[in-house]
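The values are calculated or read from the model by the stated rules, or taken from the named source; none is laboratory data. This one's a predicted model, so the numbers in the text were calculated from it and none came from an experiment. As a convention, Cβ positions derive from the backbone with ideal geometry for all residues, glycine included, and neighbour counts pool all protein chains shown. For the accessible areas, the whole protein counts, side chains as well, though only heavy atoms, and no ligand, DNA or RNA atoms are used. Shrake-Rupley method; radii C 1.70, N 1.55, O 1.52, S 1.80 Å.
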Amino acid sequence: MTGLLPALFGALVIGGLLGAAAALRPSTPRPRTGRAPSALGTRLGALARVSPRVRTTAAVSVLAGAVLALVTGWVAAVVILPAAAVGLPYLLSAPPAAQKIRRVEAMEEWTRSLAGVLGAGVGLEQALTATLRSTPEPIKPEVTALVARLRARWDTETALRAFADDLDDATGDLIAASLILGARRRGPGLARVLVAIADAVAEEVAMRRKVEAERAKPRATARAVTLITLGVVAVGALNGTYLAPYGTPLGQLVLAMITLGFVGALGWMRALTL
């Protein structure tokens, strides 16, 4: 029985590592609603947006921690295992900067395409409709909604303001503002303005990619150190004498403090890389 408990703990730790590795895989983001919810609605919406994989990982880790607490008396496992299985993947995963960069890049491509259509002498509303088929996927829902509003006889400026709200991005605001001015003045220079904006956005995309590459370096280092640390703990857990000092109430308190300090350092690192 003495050798069984460390082996059980080691198996649970290794299972938690596998669950964390699965949770590190990127999940498909859900579309935004476009509304401004209340504080309670924001919290409920955040819970609803949690992916099934994360919910499954949390449930399995809580169950594993409860089983470990009942078998070994390690009450701290009820908190440590779920925190490690759910918190570590979040802290070590990359922020959704790549998706934002793709959206800005899609705005640049769409703006350049719109400028080309306007340069052929087409009206603004017709040009917006003509670019729908070639719109990049990251912003296609927003452009589709804009074209639908124009076809529903919305005022052009009102439709463009709603388009800016849908994009919810500073670059989108700049593009929409230029289109609104073009809709008011109906001058021939709108195509040149859009080309200049597209060139500026292309430079911004290149800069964002460079910054994100620099931010990825400390995240990769922290990820490697964390995986090595957890691997050493998992291997050491198979040895009964390694975990013996943590079997006492004081040892569990020390273990909980070490875990909180480690997770806090990872959280600090993530905040710095943002």
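Of note:
- Of the helices (runs of 4 or more DSSP H) that lie entirely inside segment 1-119, those containing 1 or more residues that are open to solvent by 30 Å² or more (accessible area, probe 1.4 Å), at pLDDT below 75 and among the charged types (D, E, K, R) span 39-48, 52-72.
- Per the listing A234, A256, A224, A265, the residue uniquely loosely packed, with under 12 Cβ neighbours inside 10 Å and closer than 20 Å to A84 by Cβ is A224.
- From the options A183, A196, A191, residue that is without any contact (Cβ under 8 Å) to a residue 40 or more places away in the chain and either under 21 Å from L128 (Cα atoms) or surrounded by fewer than 13 Cβ atoms within 10 Å (Cβ to Cβ) (or both): A196
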